[in-house]
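Below you'll find the structure, written out as structure tokens, and then a few comments.
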Number of protein chains: 2
Amino acid sequence: MVKRTSHQSADCLIARPLDAIGDWWSLLIVRDAFDGMRRFGEFQKSLGVAKNILSARLRNLIAHGILETVPAEDGSAHHEYVLTEKGRGLFYVLVALRQWGETYFSGPGEPYTFMVDTRTGRPIRRLEVHAEDGRLLAPGETRLADFRQQPE
Amino acid sequence: MVKRTSHQSADCLIARPLDAIGDWWSLLIVRDAFDGMRRFGEFQKSLGVAKNILSARLRNLIAHGILETVPAEDGSAHHEYVLTEKGRGLFYVLVALRQWGETYFSGPGEPYTFMVDTRTGRPIRRLEVHAEDGRLLAPGETRLADFRQQPE
DNA sequence: CCATTCGGTTTCAAGTTGAAACCATTGCGG
DNA sequence: CCGCAATGGTTTCAACTTGAAACCGAATGG
């Protein structure tokens, strides 16, 4: 789907996830799947995207093991789309994007939602990056390392 | 750049960040910027993308306040591209994507890098989502809430 | 000065996207 | 059993986007 340039030598571990997801719209499908949507029609209505496009995106997400189809819960002959374990791993990406959105894109007076703990209804904490020893790390206090360079 | 469907009523706070970033390639630019790249040519060489496309992406990132141009460090007449505060906020998105990539996309025997604490050289911890009271939350233990529904 | 690098813009063929039309299967009322 | 609507797609095709290559102008470099 996305052209493979076979060129992102330095850091395939960002580029390949991006390639697997396919494009931005696909992440909205994943988001809706987290919100409990399972049916083609639900996604289509939620996203307002053309059916052929949605169809292609769903196929791509399935091909990359992010979604899978299961027989419909209600016993009808249709199938439903649900997140795999791998797909659920995208939770943190969505949380990070959402917190970034909350910070920089929520105009005053806008209908504004945010993530809360289901049990208490209280907002969740912001994501933080921690060192192995628990120290809070700011952007810039990390780098990439080849694992062969790791101290034992 | 991306068509505005004015339709993602439920959750603009995912859709709008996605729209601001523009497309996948743009996140790779941001990643490179975190890695210290500043010059047009550096990005072009790193990403292997056509110059017109890179030019358009950079312009889009600037328009959305993720990058800004500054006079070149070395005193030359050219300018350089650096992350804004808002752009640095994408750090958590990149960390989340990378950890997902590490988990699901690193084949055995591949050149494999991961994020380490600059000070100690030890790997960073995995991202976690915590409730306000500190409890660790799994995907599915959160929901979206309108802020008017929040208990005081 | 002449050549080369840097930082782009322009051009245009090829590929992608998406709205609408179409199709196939199931569900259901009579 | 027939008709008809809802669901879940696929096909078609015009419009848009993409990107490789050519071009361009301004700064270095020799």
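The values are calculated or read from the model by the stated rules, or taken from the named source; none is laboratory data. All of these numbers come straight from a predicted model, not from anything done at the bench. Cβ coordinates were reconstructed from backbone atoms using ideal geometry, including for glycine residues, and neighbour counts include every protein chain displayed. Calculation scope for accessible area: heavy atoms of the full protein, side chains included, ligands and nucleic acids excluded. Shrake-Rupley method; radii C 1.70, N 1.55, O 1.52, S 1.80 Å.
Selection of the stretch A:85-111 for residues being in contact with a Cys (Cβ under 9 Å, 6 or more places away or on another chain) and either aromatic (F, W, Y) or surrounded by fewer than 21 Cβ atoms within 10 Å (Cβ to Cβ) (or both) yields A:F105, A:S106, A:E110, A:P111. Looking at the stretch B:123-134, can you tell me whether even one residue there is more than 7 Å from chain A (Cβ to nearest Cβ), under 20 Å from the mean Cα position of the chain (by Cα), open to solvent by 30 Å² or more (accessible area, probe 1.4 Å) and acidic (D, E)? Scanning the stretch B:123-134 turns up at least one residue that is more than 7 Å from chain A (Cβ to nearest Cβ), under 20 Å from the mean Cα position of the chain (by Cα), open to solvent by 30 Å² or more (accessible area, probe 1.4 Å) and acidic (D, E).
If you go through the stretch A:21-54 and pick out every residue that is farther than 19 Å from B:P139 by Cβ, more than 12 Å from every other protein chain (Cβ to nearest Cβ) and open to solvent by 40 Å² or more (accessible area, probe 1.4 Å), you end up with 5. Here B:I62 meets each of (1) modelled with pLDDT of 90 or more; (2) within 12 Å of chain A (Cβ to nearest Cβ) with one exception, condition (2).
For every residue, the table says whether it meets (1) without any contact (Cβ under 8 Å) to a residue 60 or more places away in the chain; (2) over 17 Å from A:R98 (Cα atoms); (3) more than 16 Å from DNA strand C (Cβ to nearest atom).
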{"site": "B:L54", "(1), (2), (3)": "yes, yes, no"}
{"site": "B:R57", "(1), (2), (3)": "yes, yes, no"}
{"site": "B:P71", "(1), (2), (3)": "yes, yes, no"}
{"site": "B:T84", "(1), (2), (3)": "yes, yes, yes"}
{"site": "B:R88", "(1), (2), (3)": "yes, no, yes"}
{"site": "B:F91", "(1), (2), (3)": "yes, no, yes"}
{"site": "B:L97", "(1), (2), (3)": "no, no, yes"}
{"site": "B:S106", "(1), (2), (3)": "yes, yes, yes"}
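Condition check for B:G65 on (1) more than 15 Å from the chain's Cα centre (by Cα); (2) assigned to a loop (DSSP other than H, G, I, E, B): one failure, at (1). Close contacts from the stretch A:23-34, counting a first residue that is away from DNA strand C (no atom under 14 Å from the Cβ) and in a helix (DSSP H, G or I) and a second that is among the polar types (S, T, N, Q) and open to solvent by 10 Å² or more (accessible area, probe 1.4 Å), with Cβ to Cβ under 9 Å and a gap of 6+ residues or different chains, come to A:D32/A:S46; A:F34/B:T142. Just one of the listed residues (A:E73, A:E80) is among the charged types (D, E, K, R), surrounded by 14 or more Cβ atoms within 10 Å (Cβ to Cβ), within 16 Å of DNA strand D (Cβ to nearest atom) and in the same structural domain as A:S26 (by TED's automatic domain parsing), and it is A:E80.
Looking at this structure, is A:L27 closer than 25 Å to B:V129 by Cα and under 11 Å from the mean Cα position of the chain (by Cα)?
Working: closer than 25 Å to B:V129 by Cα: yes; under 11 Å from the mean Cα position of the chain (by Cα): yes.
Considered against the rule, which asks whether it is closer than 25 Å to B:V129 by Cα and under 11 Å from the mean Cα position of the chain (by Cα), A:L27 comes out as yes.
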